[in-house]
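Some notes on the structure that comes next.
The values are calculated or read from the model by the stated rules, or taken from the named source; none is laboratory data. All values reported here derive from a predicted model rather than from experimental measurement. Here Cβ is always computed from backbone atoms with ideal geometry, including for glycine, and neighbour counts include all displayed protein chains.
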Amino acid sequence: MNLLSVEHLGISFGGVRAVDDVSFSISPGEIFSIIGPNGAGKTTLFNLISGVYRSDMGRVTLRGDDVSRLPPEALASRGLARTFQNLQIFARMSVEENVMVGLHRHETRNVLAHLLGLPSVMAENRRTRDEARRYLDMLHLRQVADEVAGSLSYGELKRLEIARAMASRPDILLLDEPAAGCNPTETAEIDEIIVSIARTGVAILLVEHDMKLVMGVSDRVLVLNQGRVLAEGAPDEVARNPSVIDAYLGHDKGAAGGDHV
């Protein structure tokens, strides 16, 4: 059964077709990666799927429901979470508090109950903190739970953003370059975390420049070039595709953002 379906999706900016007639689907627990040279339309596609942009053709469905016009907060309530290339962290809050923010929409006590300090509020706060710690364990961050988020290393901040996204209890998680800027050790940790999340049944939609990571964790890979689908299939099949090789080698290494197939 398809959890997410993208059907003939497209958008233009100033007459330039940034995403053009893109279609694919993802099943629960699947790791589906999108690759392509810089400017291929990967992040624009992510923005369409996650409600940041509105498409001018095609549609996105989640469990069969058309969600193409829903804003990000409405998509989050339906089980779609996302991280960004540029970190979106509350630097002055603790690591644990950052993850608790992700759990806020699941809390049931109202403002009045909080103002009155009712016992039910205290109990819910304890449950929220306990659940936040479970996500910190999953992302190997429990040891820094009480530290100010702004003091973390870059690799730890990348994992913190994933932990906060997971705290929204998603069915599908969109990861936008989770290993960007990470050293080999940090990248290996991200690799392990992505696989472990997928094993829980959460579908992963991944955009990443690190081809070793992509080819190692993905069930399927879609290649974008100039906004259009160039190829789709198993990682080894895509890596051998002459059109894919030509798309990468046809760009200078700087312009391709260091991608290698």
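Values as computed for the structure displayed
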quantity	calculated
Hey, P184 at pLDDT below 95 and either over 14 Å from the mean Cα position of the chain (by Cα) or farther than 23 Å from G41 by Cβ (or both) or not	yes
Selection count where residues are touching a Gly at 6+ places or on another chain (Cβ under 7 Å) and polar (S, T, N, Q), scope segment 150-173	1
Test: residue in segment 157-170 that is of a type in the set (V, I, T), more than 30 Å from G15 (Cα to Cα), within 15 Å of the chain's Cα centre (by Cα) and not assigned by TED's automatic domain parsing to the domain that holds L48	yes
Those residues of segment 37-54 which are hydroxyl-bearing (S, T, Y), under 15 Å from R17 (Cβ atoms) and assigned to a loop (DSSP other than H, G, I, E, B), in sequence order	Y53
Only listed residue being surrounded by fewer than 17 Cβ atoms within 10 Å (Cβ to Cβ) and either modelled with pLDDT of 95 or more or basic (K, R) (or both), chosen from S25, S33	S25
Residue in segment 201-214 that is surrounded by fewer than 20 Cβ atoms within 10 Å (Cβ to Cβ) and modelled with pLDDT of 95 or more present	yes
